[in-house]
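Below is one structure, written out as structure tokens, with a few remarks after it.
The values are calculated or read from the model by the stated rules, or taken from the named source; none is laboratory data. What you are looking at is a predicted structure, and each value in this text was computed from that prediction instead of being measured. Neighbour counts run over all protein chains shown; Cβ positions are idealised from the backbone, glycine included.
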Amino acid sequence: IKIAVPKESELGELRVALVPDTVSRFIKLGFEVLVQSGAGLGAHFTDGDYQAAGAQIISSADQLWTEADLLLKVAPPGEQNGQQEMDWLKPGAVLISFLDPLGNPEKIQALAQRQITAFSMELIPRTSRAQSMDALSSQASIAGYKAALLAAASLPRMFPMMTTAAGTIPPAKVLVIGAGVAGLQAIATAKRLGAVVEAFDVRPAVKEEVQSLGAKFVEIPIEEDTATKGGYAKEVSQNTQERIRQVLTEHVKKSNVVITTAQVQGKRAPIIVTEEMVAEMDSGSVIVDIAADRGGNCACTEPGKDICYNGVHVIGPLNLPATLPVDASQVYAKNLLTLVKYLVKDGEFQLNFEDDIISEACVTYDGQLRNARVKEALS
Ligand code: NAD
């Protein structure tokens, strides 16, 4: 099987699907690996590093895509010089990438029409069996870490308490909203930097995890069911959302930093921090809204921008994992290696659709759309 690794074409995407270490592992397993020239430069891997690992370097993008039996990518296929990258793939090729299948189902339909077998990294089930293939988690963890660092670097005061000869400096107060993978890592990082941290999530199940990191859980009794069977948050009713806002208003007001990470799969991120809440914060406070990729959790967030609202610094970063491309690529490549080893037996793809990992992550096969949620998103 010929694996191809393209240079990511999306603006600001510095990650690469395979790092030299995973290339050599694939080669030991009997795969051939083609890497587009310059594919690893954003993550500080040179063509020479890939060649030393056993890859063949290909200079043109369309040649690389055309030769692929299996194309491994980070961002969904895009456009180059007016041409759709996916049109370069040969029918029957396999594509594994983040594909934003619920946000852009038309692209998935186009892949089916082109007879591409596509696996969406967003749809790998969040089970213990699939943990080592779970790229949403590996990347969210990096985003949560970076969000806490951005907050610390932007705050005009320090995170830790300091007792000095010139007096005592109190610790910064950090509120994390959404305690999934990114939120938990943001809590852990802010704690390590010395802040006093509290956190809220609609899923009460995360309370213990929040507490085990040394943070306080903000309790808001919620009467409706807030989690799906798969453990994801459900969209809560307007009433519940209003109650949450009421309770959080006081917590936001007394925080120096608010880090928001709340997402509902396939939907716009819920607005949790309103303009009124931001207006009540002290001047110099910071909001880092890592749900900005999905519209943001704060009404003042402008995705991709840093703005100042009444003296409050509101940061809406896009694609935070790409700001730490070395480690983000390293763990993503490991996720891909585990998945491909799972799909390929005796040098061939063997797709057993009875298997939950395969049946959930495979979005197109044999010219057909396979995933019910993608079909629903299309209609
Ligand atoms: P996510 O990125 O989809 O959402 C982030 C957090 O926002 C979630 O914790 C969610 O509950 C919360 N949220 C949603 N709406 C909210 C609101 N209105 N107010 C406050 N918080 C809100 O979440 P994720 O990090 O991808 O995790 C999703 C689920 O997958 C979790 O249950 C997590 O434990 C689970 N998971 C399991 C595994 C595994 O078993 N291998 C691995 C990773 C994640």
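The single condition among (1) closer than 14 Å to Gln241 by Cα; (2) within 10 Å of the ligand (Cβ to nearest atom) that Thr274 does not meet is (2). When residues in segment 229-253 are screened for being under 26 Å from the mean Cα position of the chain (by Cα) and either free of Cβ contacts under 8 Å to residues at least 12 places away in the same chain or at positive phi (or both), 2 of them pass.
Taking segment 307-340 only, how many residues are more than 30 Å from Arg129 (Cβ to Cβ), outside any helix (DSSP H, G or I) and touching a helix residue (DSSP H, G or I) at 6+ places or on another chain (Cβ under 8 Å)? First the steps, then the outcome.
First pass over segment 307-340, keeping only residues more than 30 Å from Arg129 (Cβ to Cβ): 307-318, 323.
Add one more test, that the residue is outside any helix (DSSP H, G or I), and what stays is 307-318.
Still in the list and also touching a helix residue (DSSP H, G or I) at 6+ places or on another chain (Cβ under 8 Å): 309-310, 312-318.
Total meeting the criteria: 9.
Restricting segment 1-23 to residues that are free of Cβ contacts under 8 Å to residues at least 60 places away in the same chain and either surrounded by fewer than 17 Cβ atoms within 10 Å (Cβ to Cβ) or in contact with a Ser or Thr (Cβ under 8 Å, 6 or more places away or on another chain) (or both) leaves a set whose member that is farthest from Asp346 (Cα to Cα) is Leu11. In segment 228-239, the residue that is surrounded by the most Cβ atoms within 10 Å (Cβ to Cβ) out of those that are modelled with pLDDT of 85 or more and among the small types (Gly, Ala, Ser) is Ala233. Just need a number here: residues in segment 277-303 that are within 11 Å of the ligand (Cβ to nearest atom), in contact with a helix residue (DSSP H, G or I) (Cβ under 7 Å, 6 or more places away or on another chain) and among the aliphatic types (A, V, I, L, M). Count: 1. The residues listed here are Glu250, Glu242, Glu223, Glu219; of these, the one that is surrounded by fewer than 15 Cβ atoms within 10 Å (Cβ to Cβ) and within 12 Å of the ligand (Cβ to nearest atom) is Glu242.
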